[in-house]
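Q: Got a structure for you, written out below as structure tokens; questions coming shortly.
The values are calculated or read from the model by the stated rules, or taken from the named source; none is laboratory data. Worth saying up front: this structure is predicted, and the values here are computed from it rather than measured. Don't worry about glycine lacking a Cβ; one is built from the backbone with ideal geometry, like all the others, and counts go over all protein chains shown. These area figures cover heavy atoms from the full protein model, side chains too; ligands, DNA and RNA do not enter into them. Shrake-Rupley method; radii C 1.70, N 1.55, O 1.52, S 1.80 Å.
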Amino acid sequence: MNVSEVVAEAQRQDLRLVRFEYCDVSGVARTKAIHVGQLPHKLVEGVSLTRAQMAIDLLEQLVDIEGMAPVGEIRLVPDPDTFTVLPWAPGSASVLCDQVGHDRRDWGACPRSFLKRVVERAAGLGVHVQATFENEYYLARHVDGRYVPFDHPDHTPVYSAIGHDLNARVMIDTVDALQAQGIAVEQAINEYGPGQQEISIRHTDALGAADNQMKFRDTVRGVALGHGLFASFAPKPYPEAIGSGAHVHLSLWDDDGRSSLYDPAAEGGLSKLGRSFIAGVTTHLPALVALTTPSYNSFRRLVPSAWASATTGWGFDNKEVALRVCSPFYKREEQSYNLEFKPSDPSANPYLALGALIACGLDGIERELEPGEPCGQDPARMSAAELARSQVRPLPTSMGAALDELEKDSILLDSMGELLARCYLGVRRSEEQAFAGQDEEFELRNHFYRF
């Protein structure tokens, strides 16, 4: 859509408020809403935002970062193609924004612009990424000061008809709201945890996938509220229950529209370029998880034998490794061949997570890295010799350890740019220190409904 088309649609839909939305480095979706009467010029000039706003951490504390004091402004300039009417919010729509300076260029700390740069770099190598986030989340009621899972008293079985019956109304409304925004739903299921759900949406280009992740989280939360429920995208909102991931499924395509991952003559159908992409990801993975599983709560989920991955291992249809090569579908082998990246959760800023993931894979392609042998079983059950042949290393077990790895990874930091990297490390260090000094209840309460 262009500006005039957005204005016309807003008038046709009789809108009142349009949300100019962005995602900060803590993964929180933030927005400034304008009246529809301001839309024609605000779509062009954007809305004002203090530079300091990107230095706000998860606990709403301003972190002291040079160049990001509350002096000077940037602009939230919307991408008209992301304009969507919000089915759950009467008279409202949203549009996703880039952050630019007064010169209309990325001011240095815009996550969406970072992903755009990575996509452009990939295209220069003849690599085009299709991706989607596969989200799990919990539905809950707020009872006596606690978030109580929305479930049958004795817990509905996973993938069960009982579970679908319990959640039928809210899930149908959620699916309808996603479809109304042009987001194609492929699967909706009740998951293992009490009140836990999963919805899979169709893949698209990398920028569109990150945009869809923003819209997905907003939609799920907004529709749930209409049913008197709260939707939590926290990685581990209930310590005793299974965690929630946002697995990234991605495929690589060449300039002619052919799969760059699939080679029917190779082992498991995985091409040489695909092996190098995997090797780049696994090489940088201890640092990468600081961006893909970034919150203090995230590391409760990354434990052995929990289908979330606790190592840098990869393999074919292996649910316990970080990168799973998914078996393709019959007679759609090339079209359906893809990778599943498992150490990813919904607390991540999707632009930073997907951009960093692709950047790591591109490093592997450029250096023609090899990933070692695929893991044939759960890495927790592999011998030391098998782990060595597969180049398997443990992932960090805490937010602080992951940030230490990120600080040492010059390739990943350089891809982010100096200001964005410094902002990210500063804000996340602030969060790590704050949560480390508090108890479990504080951690869970402050993660449950932030993302």
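Q: When ligands, DNA and RNA are left out and all protein chains stay put, how many square angstrom of accessible area per residue does segment 353-451 have with a 1.4 Å probe?
A: Per residue, segment 353-451 has 45 Å² of solvent-accessible surface.
Q: In the neighborhood of Pro264, defined by Cβ-to-Cβ distances under 14 Å, what is the net charge if each Lys or Arg adds +1 and each Asp or Glu adds -1?
A: 0
Q: Next question, about the same structure. Normalise the Cα radius of gyration of segment 213-371 by 2.2 N^0.38 Å (N = residues in it) and let me know the number.
A: Taking the Cα Rg and dividing by 2.2 N^0.38 Å, one obtains 1.10.
Q: For Asp263, what residues show an amide H to amide H distance below 5 Å, using hydrogens built from the backbone and excluding near sequence neighbours?
A: Leu270, Ser271
Q: Keeping every protein chain present and rolling a 1.4 Å probe, give me the accessible area per residue for segment 198-255 in Å².
A: Per residue, segment 198-255 has an accessible area of 26 Å².
Q: Taking the Cα-to-Cβ direction at Ser160 and at Phe316 and moving 7 Å from each Cα, how far apart do the two end points lie in nm?
A: So the label points at Ser160 and Phe316 sit 3.6 nm apart.
Q: I would also like to ask the following. If you average the alpha carbon positions of segment 35-86 and of segment 157-223, how far apart do those two centres end up, in angstrom?
A: If you average the Cα positions of each part, the centres end up 28 Å apart.
Q: First compute the accessible area of the chain with a 1.4 Å probe, then give the percent of it belonging to carbon and sulfur atoms.
A: Carbon and sulfur: 50 percent of the exposed surface of the chain.
Q: Additional query: For a protection proxy built on the mean count of beta-carbon atoms within 10 angstrom, sort 361-367, 350-356, 301-307, 439-445 highest first, please.
A: My ranking of the peptides, most packed first, is 350-356, 361-367, 301-307, 439-445.
Q: Reachable aspartates and glutamates from Lys408, Cα under 18 Å, same-chain residues fewer than 8 places away excluded?
A: Straight-line reach from Lys408, under 18 Å: Asp363, Glu418, Glu432.
Q: Tell me the Rg and the Dmax, in Å, that the Cα atoms of the chain produce.
A: When restricted to Cα atoms, the chain yields Rg and Dmax of 21.3, 67 Å.
Q: Moving on to the next point. Just to verify a number: FRET efficiency for Leu225 and Glu334, C-beta to C-beta distance, R0 = 41 Å, to 0.05?
A: Efficiency computed from Cβ-Cβ geometry: 0.45.
Q: Give me the accessible area per residue for segment 1-148, probe 1.4 Å, as a whole number in Å².
A: 44 Å²
Q: Next up: Please give every one of the lysines within straight-line cross-link reach of Lys236, meaning a C-alpha to C-alpha distance under 23 Å, and leave out same-chain neighbours fewer than 8 residues apart.
A: Hits, sequence-local ones excluded: Lys215, Lys319, Lys342.
Q: Helix-derived [θ] at 222 nm for the chain: sum -39500 (n - 2.57) over DSSP H runs of at least 4, divide by residue count, nearest 500?
A: Computed mean residue ellipticity for the chain: -11500 deg cm²/dmol.
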